[in-house]
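The values are calculated or read from the model by the stated rules, or taken from the named source; none is laboratory data. This structure is a prediction, so every number in the text was calculated from the model and none was measured. Positions of Cβ are generated from backbone atoms using ideal geometry, with glycine treated the same way; all protein chains shown enter the neighbour counts. Each accessible area value is taken on the protein alone, full model and side chains, heavy atoms only, with ligands, DNA and RNA left out. Shrake-Rupley method; radii C 1.70, N 1.55, O 1.52, S 1.80 Å.
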Amino acid sequence: MAEIIQERIEDRIPELEQLERIGLFSHAEIKAIIKKASDLEYKIQRRALFKEDFINYVQYEINLLELIQRRRRRIKYSFKRDEIEHSIVQRVQGVFRRASAKWKDDVQLWLSYVVFCKKWATKAQLSKVFSAMLAIHSNKPALWIMAAKWEMEDRLSSESARQLFLRALRFHPECPKLYQEYFRMELMHAEKLRKEKQEFEKADMDMGDFDHPEEILKGELARIIYKNSISKIKGAEFHVSLLSVVQLFDFAKDLQKEIYDDLQALHTDDPLTWDYVARGELEIELQPEEQPSTKKAKAVEMCRREERSCAVYEEAVKTLPTEAMWKCYINFCLERFSKKTSSEFLRRKRLERTMITFRKANELKLLSEFHYKEWQVCLPLWISWAEWSEGTESQEDTEAIFKKAILAVTGASSVTLKDKYLDWAYQSGGYKKARAVFKSLQEIRPFSVEFFRKMIQFEKEQESCKMANLREYYERALREFGSVDSDLWMAYIKEELNHPLGRPENCGQIYWRAMKMLQGESAELFVAKHAMHQAGH
C-alpha cells in the first residue's frame, strides 16, 4: 500500500512544481499539501474503506481548486491550466468513480459527482457520468429528467435529450412527470428551430441546410407526445398540467386549443376541468384600446372578469352538484377575497360573493366539513374586521379583535389569521411586539411555514441579530415542518455558516437530522441542494 501511495504522490509532483514555480503557492504550502495528500491517500487505499474518507478527499481537492482560482485572479495569471487544474480534476474524477462504484446506491454521492463535473469537467465527461448513474438508478424518473434537461439546455443536443426521454419512458411508461418534461422539451426544440429560421430569413441567407418540415416547426412532435401520453395517463389533473406547459409557447396556440377542447370533452365530470375553465376567464387578454386607464376602471374590469369566472362555476355546480365542485367554487371566492386591493367596491363585491357561495352550498348540504367550520366562524369577516380596525381603531382595539379571532377560528382556517396577526404586530409595534405575539401563539397549532419564516426575517432585520433567537425559530419551524420542507434545513445550515455567532461545527449534525426526518422526494431534493451548496453553487 505504501508503494501505491508513494506513486500517487509522485504523480502530483509536476503540478505542485508548477504551482510553486508560477508563484501561486509557497514552498511551505506545497509541503503542507503533500502531507495532507498523503494522509488522504492512505485513508482511501487501506483495506477497510469508508465513504466519508472519499468525500473528505474530494472536498479537499475542490477547496484546493477554488483556492487556485482565487490566487490566479489575484495575480492575474491564467496559464498552465492543463498541467495544474486539469490534473486535479482528473484525480477527483477517479476518486468519484471508485466511490460511486463501491457505493452504487448512494444518490447523494452521484449527485455530488454530477455537480462537480458540471463545474470542472468537460461536457463529454458529464454525459458519461449521467450514463453510469442512470444504468444503476434507472428506477428514478427525476434523474432521467435531470440528465435530459442537461443535454437539452447545456449541451444543446435535443436528439440526446429525446433519446434519454424515450429510454426513461420504457422504464416508466406511466410517469406523468416524464411526459410533461418530454412534452416541454419538444416545444422548446420547436421554438429554437423557429428562431433559427427567423434569423436565416432576417439575414437573407441560403436556407438549404435548414430542411425541417413545417409540421416540426409547429410542434407536431409535442402533439404526438401529448396524444400518446393521454392514452396512458387518465384524469384532468395530467391534462391541465400539459396545458400549463403549452400555454407558455405562443406559436403553439392550435395545440393549446386542441388540448383545451379535449379537456372539456373528456373530463366534464371532473371538478378540476370546470375549475380550470373558470379560472381561465381571469386571464383573457384585452385589446390595447380596451385596457382600463384609471384605478376605478381597472377594479370594474377585474370585477367583470371574476363574475365571468363565477358564471362558469354556477354552471359547474348545476352540471356537477358535488361537494368537490362546490369546494373549488368556494376556494376561488376565498382566494379572490384574499387578494389585496385599494378598491372598496371590489373588496365588498368579493366578500359578498364569498358569503353567498358559502350559504348556497350549505343550503344544498354540499359544504365540506372543512368549509363548514370555516363558514361557521366567518373567517373572511374576522379578517375584514381586523383590517378595517387597523385603519380606524387603536392598537389595543385591533389586538383585541385578533385575540377574539384566534379563539374563534380553529383548525386549518386559523393559519392565515396567525400570519396576519404576526404581520400586524411587527408593523404596529416592532420586533418586541412581534416576538410577544409569536410566543403567545407558538403552541396553538396549526401553523404555516411562513409564520416561522416571518419571525426569522424579523430577527435578521434587527441591528443586533441574535443567533440564539434564530436557532429557536428554526427549531420550532422544523418541529412542525422538518419532515417535508428541505429549504428550512438548508437555510438553517447556511445560517450557522454565515452568522457571526454561528457554529459551523453544528452543520454536520443538522445535516444528519434532516436526512432522518425528510422523506421521499423532499430528502432527494435536500441532498441535491446540499451537494450544490458544498460545490459552491
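Could you compute the FRET efficiency for Arg359 and Asp250, with r as their C-beta to C-beta distance and R0 at 25 Å, rounded to 0.05?
The computed FRET efficiency comes out at 0.05.
Using helices alone, what [θ] at 222 nm do you get for the chain, with -39,500 (n - 2.57) per DSSP H run of 4 or more residues, divided over all residues and rounded to the nearest 500?
Roughly -25000 deg cm²/dmol at 222 nm, from the helical runs in the chain.
Relative to the longest principal Cα axis of the chain, at what angle does helix 123-136 sit, 0 to 90 degrees, rounded to 10?
Once rounded, one gets 70 degrees.
Ignoring everything but the protein chains, give the 1.4 Å probe accessible area of Met532 in square angstrom, nearest 10.
For Met532, solvent-accessible area is about 90 Å².
Projected onto the charge dipole of segment 82-209 (+1 at Lys/Arg Cβ, -1 at Asp/Glu Cβ, origin at the Cα centre), which of Gln198, Ser100, Gln125 gives the Cα projection farthest towards the positive end?
Checking the options against the dipole of segment 82-209, the answer is Ser100.
Go through Ala297, Val312, Phe481 and say which Cα lies farthest out towards the positive end of the charge dipole of the chain; charges sit on Cβ, +1 for Lys and Arg, -1 for Asp and Glu.
Selected residue: Phe481.
Would you mind putting 22-34, 67-79 in packing order, based on average other-beta-carbon counts within 10 Å, highest first?
22-34, 67-79
If each residue of separation counts as 0.36 nm, what is the full-extension length gain between Glu323 and Asn498 once their alpha-carbon separation is subtracted?
That works out to 58.0 nm of additional length.
Mind jotting down the distance between the C-alpha centroids of segment 140-167 and segment 294-372, whole Å?
Answer, in whole Å: 42.
In the set [x] 1.03; [y] 1.01; [z] 0.95, which value of Rg/Rh (Cα atoms, Kirkwood Rh) was calculated from the structure you see?
Calculated Rg/Rh (Cα atoms, Kirkwood Rh): the matching label is [x].
Kindly rank 496-503, 360-367 from highest to lowest mean number of other beta carbons found within 10 Å of each residue.
Ranked by mean Cβ neighbours within 10 Å, highest first: 360-367, 496-503.
With a Förster radius of 45 Å, plug the Cβ-Cβ distance of Ser38 and Glu335 into 1/(1 + (r/R0)^6) and report the FRET value to the nearest 0.05.
0.10
By how many degrees, between 0 and 90 and to the nearest 10, does the Cα long axis of helix 449-460 differ from the longest principal axis of the chain?
On a 0 to 90 degree scale, this one is about 60.
Where Lys and Arg each count +1 and Asp and Glu each count -1, what net charge lies around Gln45 among other residues with Cβ under 14 Å from its Cβ?
Within the 14 Å Cβ shell, the charges total +1.
Mind putting a number on the dipole of the chain about its Cα centre? Charges go on the C-beta only, +1 for Lys and Arg and -1 for Asp and Glu, and I need it in Debye to the nearest 20.
Dipole of the chain, to the nearest 20 debye: 1640 debye.
Could you point to the residue in Tyr492, Ser368, Phe526 farthest towards the positive end of the chain's charge dipole, with +1 and -1 charges on the Cβ of Lys/Arg and Asp/Glu respectively?
Tyr492
Once fully extended, how much extra length lies between Glu461 and Asp106, figured as 0.36 nm per residue of separation less the alpha-carbon to alpha-carbon distance?
Gain on stretching Glu461 to Asp106: 123.9 nm.
How far, in degrees from 0 to 90, does helix 467-481 lean away from the longest principal axis of the Cα atoms of the chain, to the nearest 10?
70 degrees
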